[in-house]
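The values are calculated or read from the model by the stated rules, or taken from the named source; none is laboratory data. Just so it is clear, the model here is predicted, and its values are computed rather than measured. Every residue, glycine among them, receives a Cβ derived from its backbone with ideal geometry; neighbour counts consider all protein chains shown.
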Amino acid sequence: MPTEVEPAVLHRLLDLQDEDTAIKRLEEQKAALPEAARLREVNDLLQELTSDLEIATKQDEEIAREHSRLEGEIELLDQKIAREEQRMFAGTVSNPKELSSLQAEVESLKRKKNGLEDQLLEVMEARESSSATVARITGERDQASAEAQELTRTVGELVAEIDAQLAQHSSQRDQVAAEIPPDLLSLYEKIRAQKHGVGAAALEQGTCQGCHTKLPQKEIERMRAEGGLQRCDNCRRILVIA
Ligand SMILES: [Zn+2]
């Protein structure tokens, strides 16, 4: 690694570091969008509500079928009762034994009808509750669906915005990187990979901006006198001395 590096090139290395830092920050921002996290939550909720709604709808339909079945049975009984009563009062049956058996039959049919009407009342109550459940879950699902749509739009816009900034920084980075000698660039990349994305740091007021350590005055004087490529004694990052 040659230590002969033009100060201007070293300053371009700081520009490159600025671009890399901006790119890293944007990528982190893109990966940790709170709106995207919320969208994942809402999508999970939406899936849950959709499955709940399916179950509630099935239950409601079952109760509705039971409702119609009971109504149908009651209607048939009504018809039967009407027929038997007609026979009773038409005067065509005069045999007292036959008449009293007919009467018993009508009473039995009416008891059966009363039983079915009690069942019908229960089913109607159950249906009221099952319909209310379907309505409530539908409302919640529609709300979650609307929120998911809105969040999808927002996340799309935010990602597009970040991607535009990333594209800009990437192209600037490529321009700056082209001005850096390949061996210096590869040293910078190597350090950057090991040091949390920071390969080059400025020395400001005697402090390395990479590790925020104040360097001894003597050391700074030595580096100034030597010039060229210098590295922080503490963090080993490329140190750019103003
Ligand atoms: Zn340092």
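Could you tell me whether GLU219 is out of contact with any Cys (no Cβ under 9 Å at 6 or more places or on another chain), at pLDDT below 95 and surrounded by 13 or more Cβ atoms within 10 Å (Cβ to Cβ)?
In short, yes.
Can you confirm whether GLN209 is assigned by TED's automatic domain parsing to the domain that holds LEU13 and at pLDDT 95 or above?
In short, yes.
Could we say that GLU179 is away from the ligand (no atom under 16 Å from the Cβ), more than 22 Å from ARG25 (Cβ to Cβ) and part of a loop (DSSP other than H, G, I, E, B) here?
yes
Residue by residue through the range 83-142, note down the ones that are within 30 Å of ILE55 (Cα to Cα) and among the polar types (S, T, N, Q).
Matches in the range 83-142: GLN119, SER129, SER130, SER131, THR133, THR138.
Among the residues of the range 121-158 satisfying the criterion of being among the polar types (S, T, N, Q) and free of Cβ contacts under 8 Å to residues at least 40 places away in the same chain, which is surrounded by the most Cβ atoms within 10 Å (Cβ to Cβ)?
GLN143
Among the numbered conditions (1) surrounded by fewer than 17 Cβ atoms within 10 Å (Cβ to Cβ); (2) more than 20 Å from GLU27 (Cα to Cα), tell me where GLU161 comes up short.
(2)
Please go through the range 222-242 and pick out each residue that is loosely packed, with under 14 Cβ neighbours inside 10 Å, of a type in the set (A, V, I, L, M, F, W, C) and touching a strand residue (DSSP E or B) at 6+ places or on another chain (Cβ under 9 Å).
Matches in the range 222-242: ALA242 only.
Each row is one residue, and each column tells you yes or no for (1) farther than 15 Å from VAL5 by Cβ; (2) at pLDDT 95 or above; (3) assigned by TED's automatic domain parsing to the domain that holds HIS11; (4) away from the ligand (no atom under 16 Å from the Cβ).
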site: SER171; (1), (2), (3), (4): yes, yes, no, yes
site: SER186; (1), (2), (3), (4): no, yes, yes, yes
site: ILE191; (1), (2), (3), (4): no, yes, yes, no
site: GLN194; (1), (2), (3), (4): yes, yes, yes, no
site: VAL198; (1), (2), (3), (4): yes, yes, yes, no
site: GLY227; (1), (2), (3), (4): no, no, yes, yes
site: ASP233; (1), (2), (3), (4): yes, no, yes, no
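Can you tell me how many residues in the range 187-228 are touching a Leu at 6+ places or on another chain (Cβ under 7 Å) and touching a residue at least 40 places away in the same chain (Cβ under 8 Å)?
Count: 4.
Could you please let me know if GLU41 is within 26 Å of ILE137 (Cβ to Cβ) and assigned to a helix (DSSP H, G or I)?
yes
Go through the range 5-37 and give me each residue that's closer than 13 Å to LEU185 by Cβ and among the β-branched types (Val, Ile, Thr).
Of everything in the range 5-37, those that are closer than 13 Å to LEU185 by Cβ and among the β-branched types (Val, Ile, Thr) turn out to be VAL5, VAL9.
Anything in the range 205-216 that is away from the ligand (no atom under 11 Å from the Cβ) and surrounded by 12 or more Cβ atoms within 10 Å (Cβ to Cβ)? List them, or say none.
GLY206 - this is the single residue of the range 205-216 that is away from the ligand (no atom under 11 Å from the Cβ) and surrounded by 12 or more Cβ atoms within 10 Å (Cβ to Cβ).
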